[in-house]
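Below you'll find the structure, written out as structure tokens, and then a few comments.
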2 protein chains.
Amino acid sequence: MAETARRLVLASRPVSEPSPENFRLEEFPVPVPADGEILLRTIYLSLDPYMRGRMSDAPSYAAPVAIGQVMEGGTVSEVVASKNPDYKPGDKVLGQTGWQSHAISSGKGLRKLDPAAAPLSYALGILGMPGMTAYFGLAEIGKPKAGETLVVAAATGAVGSVVGQIAKIRGARVVGIAGGEKKCAFAKSELGFDECVDHRAADFPTQLTAACPSGIDVYFENVGGRVFEVVAPLLNTYARVPVCGVIAQYNAAVGVQDANWVPTLMRSVLSKRLTLRGFIVSDFYPRYSEFASEVVGWVKSGKLKYREDILDGLESAPRGLVGLLRGENFGKRLVRVAPE
Amino acid sequence: MAETARRLVLASRPVSEPSPENFRLEEFPVPVPADGEILLRTIYLSLDPYMRGRMSDAPSYAAPVAIGQVMEGGTVSEVVASKNPDYKPGDKVLGQTGWQSHAISSGKGLRKLDPAAAPLSYALGILGMPGMTAYFGLAEIGKPKAGETLVVAAATGAVGSVVGQIAKIRGARVVGIAGGEKKCAFAKSELGFDECVDHRAADFPTQLTAACPSGIDVYFENVGGRVFEVVAPLLNTYARVPVCGVIAQYNAAVGVQDANWVPTLMRSVLSKRLTLRGFIVSDFYPRYSEFASEVVGWVKSGKLKYREDILDGLESAPRGLVGLLRGENFGKRLVRVAPE
């Protein structure tokens, strides 16, 4: 084939904050599918905080990306050639084909998408992994009850925005935390949060305390770091803390907390009967239909609002990820690798 | 009445480790019950780690003992005079009448004991609060499964010894942690633990790692402090950590962990999908019969072994508590205030 494909490989491992120089753009011939395989053309590439973990070889729940390997990532693609009877050219699929313009797949692990049901990109966000993270973190651990107070950080992000809106549907009072006035205003006016506090404000702890006059019953932990230190003293007896991510710590070479903090935390776990529970969304993938049965309807009816932050071109992925880890995104961050 | 009663009141609050001087022995006339009341003579006084918390006015799940007030504590007593139709002289009762030789009670909150069913003192240990702590911490949070590895510290203590033995009944592999060779030998030969590691050994982390070749699925946290730091890296995916006490931290004016420890912990909570959950046994008091239906039989049949560490005389309570917090006790620590 004359067409040239492009991919971004991991060139080096970051020590603390990653930079675009940790990736290298490579060209390669568009591959040809063998029997049973299909050729995919990437339309959307998802950028997600977990990717920071894959860049590092520190012990984690998933293996790191090897140096020189294509960077891992969720994608929405179009089938352009098929030697697999289950797929035909034009099919749109959700996969995990990484930071590249084209990929070969056996078809295993792909999910066909119905372009009429929802915008294709939603499969990488509110109707996909981030949406399921929000849904099952609440259903299994957070369990917000009517009248309780739920706090979620990264309030306008892919997970936080869904967490807060579902908690509102369940009848909870929702307080968001976000970076900057614009995001806070959006969380309140568009997402319907009761309050949203700017974590960049000098008096953030005071503001958060004021926004939670009855304390906090559920803290959905998707950022880690200093925010949790401010939240912890406000947690009520029997509070639940689903832990799905600790973005603020992904880049940390060393911790920022003072030495009193763990004893204080463990004392609080005891005296307030707290539940801290980590979860990985992939554990819940077999329960996708349970998720879809509620969330698809809410999205269609407009009950759940969703904002995307789309960058153009595969080459924008490295700085897009670096910016995401800094909280620069406003909504679910994606790369449009090629037009639909 | 001619008889004189004695009580130990809280004289001052400790800054870090308490000392016997934090208490003051007082004499007072044996009180006379009014209509509806009974007079109790204390036989056994329980000494428990939670008492350190009551000496402090730091925020906790329970109010502190006021300066000048009788120190709080669980007791087994005999009714010596009654103006309450529900009680008659000679009745033995479990109560919370504190560090004193005599007390007046309305009868509320007391539980009558059957001296034929089990030794009276057991109501303060394996058949009482510590036993229920072990039982419900396992039933509700730890949930050890056959073949899993459970680790518990203070392995020969009131809670730890019961935790390990129940976990054995459930089919788990049990590794104890205790202070000194004598306690470790007892945990293995008498309590039937598979292994027991001496936390005073210089190579304690290495020994614990060797004793848990398949990692740790349940860590029953009843001591806190450095032991948890050694345990944490050994926790398996989906491990459960019921937190019922953090003795090692009760005295701590400042923490001992280094600043990297909280980020590491929170990363582990996420990547290993850990559950850390604090609980207070009194939340489970309404489920006493559920506990008794299993544990009373196990004690009677000898399936559960139980060791007591009994001091004589009310005046031994202050140094008895100080020693308990240092791990000096060998078995459930009690004070025999008066003969049965």
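All of the numbers you see were taken from the coordinates with simple rules; none came from a lab. Bear in mind the structure is a predicted one, so any value in this text is a computation, not a measurement. So basically every Cβ, Gly included, is an ideal-geometry build from the backbone, and we count neighbours across all protein chains shown.
The table for this structure:
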| read-out | value |
| --- | --- |
| Computed Rg/Rh of region B:64-219, alpha carbon atoms with Kirkwood Rh | 1.10 |
| Positive-end residue of B:129, B:110, B:292, charge dipole of chain B with Cβ unit charges | B:292 |
| Cα convex hull volume per residue for region A:129-281 (Å³) | 106 |
| Cα centroid of region A:60-108 to Cα centroid of region B:30-61, whole Å | 67 |
| Rounded to the nearest 20 debye, dipole of chain B from Cβ charges on Lys, Arg, Asp, Glu | 700 |
| Under 15 Å from residue B:303, Cα to Cα: aspartates and glutamates that are on another chain or at least 8 residues apart | B:190, B:294 |
| Relative contact order, percent, chain A [alpha-carbon distance under 8 Å, six or more residues apart] | 18 |
| Gyration tensor verdict on region A:31-148 (Cα atoms; rounded if a/c is under 1.5, prolate if a/b is larger than b/c, oblate otherwise) | oblate |
| For region A:159-237: span of alpha carbons on each principal axis (Å, largest first) | 30, 26, 22 |
| Exercise: per-residue mean of other protein chain Cβ atoms within 10 Å, A:100-109 | 0 |
| Antiparallel DSSP beta bridges within the protein assembly as shown, as percent of all bridges there, nearest 5 | 60 |
| Shape category assigned to region A:181-226 from the gyration tensor of Cα positions, a/c cut at 1.5 | rounded |
| MRE, 222 nm, helices only [DSSP H, n ≥ 4, -39500 (n - 2.57), over chain B, to nearest 500] | -6500 deg cm²/dmol |
| Distant-in-sequence amide H partners of residue B:173 (H built 1.01 Å from N, under 5 Å) | B:147, B:148, B:149, B:150 |
| Reciprocal of mean inverse Cα separation for chain A (Kirkwood radius, Å) | 20.9 |
| Residue with peak Gaussian network fluctuation, chain B [Cα springs, cutoff 10 Å], from B:208, B:25, B:150 | B:25 |
| Nearest-0.05 FRET efficiency for residue A:238 and residue B:19, computed from C-beta distance (R0 22 Å) | 0.05 |
| Student exercise, the protein assembly as shown dipole from Lys, Arg, Asp, Glu Cβ charges, in Debye to nearest 20 | 760 |
| For residue B:311, residues with placed amide H under 5 Å, excluding near neighbours | B:334, B:335, B:336 |
| Ranked A:283, A:203, B:91, B:35, criterion: other C-beta atoms within 10 Å, fewest first | B:35, A:203, A:283, B:91 |
| Leading residue at positive end of dipole, region A:1-78 (Cβ point charges), from A:75, A:30, A:14 | A:14 |
| Lysine pairs in region B:129-281 with Cα atoms under 23 Å, if 8 or more residues apart or on separate chains | 9 |
| Region B:299-340 and region A:159-232: distance between their alpha carbon centers, rounded to Å | 49 |
| Unmatched cysteines, chain B - criterion: no other Cβ of a Cys under 4.7 angstrom | B:212, B:244 |
| Rounded to whole Hz, the Karplus (6.51, -1.76, 1.60) HN-Hα couplings of region B:25-34, x for glycine and proline | 7, 10, 9, 7, x, 4, x, 10, x, 8 |
| Along each principal axis, Cα extent of the protein assembly as shown, largest first, Å | 108, 52, 40 |
| Rounded tilt (10° steps) of A:288-300 against the dominant C-alpha axis of chain A | 80 |
| Table column - 3J(HN,Hα) (Hz), region A:203-213, Karplus curve with 6.51, -1.76, 1.60, x for Gly and Pro | 9, 3, x, 5, 5, 5, 4, 5, 6, 10, x |
